[in-house]
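The values are calculated or read from the model by the stated rules, or taken from the named source; none is laboratory data. If you're wondering where the values come from, they're calculated on a predicted model, not measured in any experiment. Cβ coordinates were reconstructed from backbone atoms using ideal geometry, including for glycine residues, and neighbour counts include every protein chain displayed.
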Amino acid sequence: MIHKTKGTEIRARKNEIRAQYKTQRAALSAEERAARDARICELFLSSITYRYAKVLLMYAPLDGEIDVMPIALRALADGKTVAFPRCKTADCTMEYHIVRDPEALVSGAYGIREPQEDAPVWHAADMEPDAHPVCIVPGLVFDRAGYRIGYGRGYYDRYLDTFPGVRVGTVYTDCILPEIPRGRFDLAVDVLVTEKGVRAVHAN
């Protein structure tokens, strides 16, 4: 009962933070968001993490999320493998499919743009030893240790549990908290990219 109560309290606190930062993000002007997003992409593309990665697992932004599509376009131009997720709503899992043209993404679960079903699936087991895969992870809020609050469905935590590469969170500086509530299955990213810089984080 104690664990159940604690879990309920964590979910309630996360929902409060989620609502607060959705409102805060929505209050930004389109021009401010565009400038921040462009800077985040620029800083990531100039990072060592990007330079050595041969595989980029991306996300297609929802309205208000950080627009990382310029990263996907640059990665394709640089000859890297780019993949986007398809969500399986029955069990809240996702699978990444290789994409060669982001314009080919179609509306899928939750209104998220995703690859067509027949796009080739990217499997970590099949990658080259020096692929240095990177998964770019969205989030409403991150904390200084790299833990995140997303939309509460757990897709990324389930996927990242077995992902063998570098986990990169994209977030605005004013959406980083000292610490956020953590559940037993929550996972941290390894790197945070904001409009002010790129830094490695160390989960505790």
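Do you know which of the residues in the stretch 164-192 that are within 24 Å of W122 (Cα to Cα) and touching a residue at least 60 places away in the same chain (Cβ under 8 Å) is surrounded by the most Cβ atoms within 10 Å (Cβ to Cβ)? Result: T170. Just one of the numbered conditions (1) within 25 Å of I180 (Cβ to Cβ); (2) at pLDDT 95 or above; (3) among the aromatic types (F, W, Y) is not true of W122: (1). The strands (runs of 3 or more DSSP E) falling completely within the stretch 93-146 that include 2 or more residues that are of a type outside the set (F, W, Y), touching a helix residue (DSSP H, G or I) at 6+ places or on another chain (Cβ under 7 Å) and surrounded by 12 or more Cβ atoms within 10 Å (Cβ to Cβ) map to 93-98, 134-137. For the stretch 41-80, a residue qualifies if it is touching an Asp or Glu at 6+ places or on another chain (Cβ under 7 Å) and outside any loop (DSSP other than H, G, I, E, B), but none of them does.
For the stretch 19-29, the condition of being within 16 Å of the chain's Cα centre (by Cα), in contact (Cβ under 8 Å) with a residue 60 or more places away in the chain and surrounded by 16 or more Cβ atoms within 10 Å (Cβ to Cβ) holds for none of the residues.
Checked against (1) part of a loop (DSSP other than H, G, I, E, B); (2) aliphatic (A, V, I, L, M); (3) crowded, with 16+ Cβ neighbours inside 10 Å, A90 passes all but a single condition, namely (3).
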